[in-house]
Amino acid sequence: MKRWQDNNGTSRKAWRAVAGGAGVAAALAAVLVWVSGQWGETPEAVVGIPAAGQVPASAVDDSAAQQSASAPSAGVPVKSSPAPSAGGPSAESAPAPSAGDSAANTPTPPSAAPETVERMKQALQQIKSASMPPSEAAIDGKRERLLVTRRPGMAEMRGGAFTLLAAMKEVEISHLGALDITIVEVPVGWDLDHLRQIIAEDPSVESASRDSVVQARGRVVPNDPDFGIQHNLNQSGDVDVDAPEAWAYTTGSEEVVVAVIDSGIDYSHLDLLPNLWVNSSEIANNNIDDDGNG
């Protein structure tokens, strides 16, 4: 009964504050105090504002519900997930590559059979002792070279010719990257043709050939006194058919017949007369088609 009176007294104070013009804020505070007295709660709890140091009941309820949902029931085993590494995925989602993954992408080179290796060893001994004369392509008259091209994507045969040659101190193997050519250099006297055959047995080899020297041919100038004025054949400005360079390869052959379709030639010309082709099947000036060609 005392509590009701106290509350009613507080209520009467609130209404007097309103009537006395203390302001809406003071009246509202008084009303909250009165309501809290009815339910035994603080003013903050009445309007849903958490007091200092308190956690809202809704947050506590939500947290409890989440813990309840995630907690395993009694007797049910739970598989724990491995903790992810710092800044990266877990070991289960991104397994580390095995040691053989990178090697799996590299083609495995074939291996030479033991009898093949023995045969090549004997052949190399014969090649070394051949005592062949130096070729014109020999380097300083002391070294000979083979030029080897490879098949793309193929590794050289293990235990094959390249393996045996690389182990020989007399042999130098280099690679010309710009042209993708392997250079095999051996001393003068080796049988290069036999060595080329041995190397070509490797499945990775596309071709093997001897190095050679190509010499530019010179120029052949005829003894014609009028050659200097025939600018179409040769001139200092090189606007010509390069006849002297062509004559360096050949000056013609009696086995090659050239037919000139024109109004005629000066068959008595000194350059043409000894080179004219004569049809031996025809008799000149008898008005008969002796060879029957019409």
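If a residue has to be of a type in the set (Gly, Ala, Ser) and surrounded by 11 or more Cβ atoms within 10 Å (Cβ to Cβ) to count, how many in the range 213-230 make the cut?
Number satisfying all stated conditions: 1.
Consider the range 232-247. How many of its residues are at negative phi and surrounded by fewer than 14 Cβ atoms within 10 Å (Cβ to Cβ)?
6
What are the residues in the range 156-182 that are surrounded by 15 or more Cβ atoms within 10 Å (Cβ to Cβ) and in a loop (DSSP other than H, G, I, E, B), if any?
Those that are surrounded by 15 or more Cβ atoms within 10 Å (Cβ to Cβ) and in a loop (DSSP other than H, G, I, E, B): 156, 157, 159, 160, 171.
Is there a residue being without any contact (Cβ under 8 Å) to a residue 24 or more places away in the chain and not in a helix (DSSP H, G or I) anywhere in the range 195-215?
Yes, that holds for at least one residue.
Condition first: over 21 Å from residue 162 (Cα atoms), surrounded by 15 or more Cβ atoms within 10 Å (Cβ to Cβ) and either touching a helix residue (DSSP H, G or I) at 6+ places or on another chain (Cβ under 6 Å) or of a type in the set (S, T, N, Q) (or both). Now tell me which residues in the range 126-152 satisfy that.
The one that is over 21 Å from residue 162 (Cα atoms), surrounded by 15 or more Cβ atoms within 10 Å (Cβ to Cβ) and either touching a helix residue (DSSP H, G or I) at 6+ places or on another chain (Cβ under 6 Å) or of a type in the set (S, T, N, Q) (or both): 135.
Among the residues that make up the range 248-256, is at least one of them within 60 Å of the chain's Cα centre (by Cα) and surrounded by 10 or more Cβ atoms within 10 Å (Cβ to Cβ)?
Scanning the range 248-256, I find at least one residue that is within 60 Å of the chain's Cα centre (by Cα) and surrounded by 10 or more Cβ atoms within 10 Å (Cβ to Cβ), so the answer is yes.
Name the pairs whose Cβ atoms lie under 9 Å apart, with the first residue in the range 272-294 and without any contact (Cβ under 8 Å) to a residue 12 or more places away in the chain, the second surrounded by 10 or more Cβ atoms within 10 Å (Cβ to Cβ) and among the aliphatic types (A, V, I, L, M), and 6 or more positions between them or separate chains?
Once the first residue is without any contact (Cβ under 8 Å) to a residue 12 or more places away in the chain and sits in the range 272-294, its partners that are surrounded by 10 or more Cβ atoms within 10 Å (Cβ to Cβ) and among the aliphatic types (A, V, I, L, M) give 272/265; 276/265; 290/283.
Pairs needed: first member in the range 244-259, over 17 Å from residue 216 (Cα atoms); second member anywhere, modelled with pLDDT under 90 and assigned to a loop (DSSP other than H, G, I, E, B); C-beta distance under 6 Å; at least 6 residues apart or different chains.
257/277
Might you check whether a residue that is at pLDDT 85 or above and farther than 21 Å from residue 274 by Cα occurs anywhere in the range 217-226?
yes
Before we move on, is residue 151 farther than 21 Å from residue 125 by Cβ, touching a strand residue (DSSP E or B) at 6+ places or on another chain (Cβ under 6 Å) and of a type in the set (Lys, Arg)?
yes
The values are calculated or read from the model by the stated rules, or taken from the named source; none is laboratory data. Here the structure is a predicted model, which is why all the values come from computation and not from measurement. Virtual Cβ from ideal backbone geometry, glycine too; neighbours counted across all protein chains shown.
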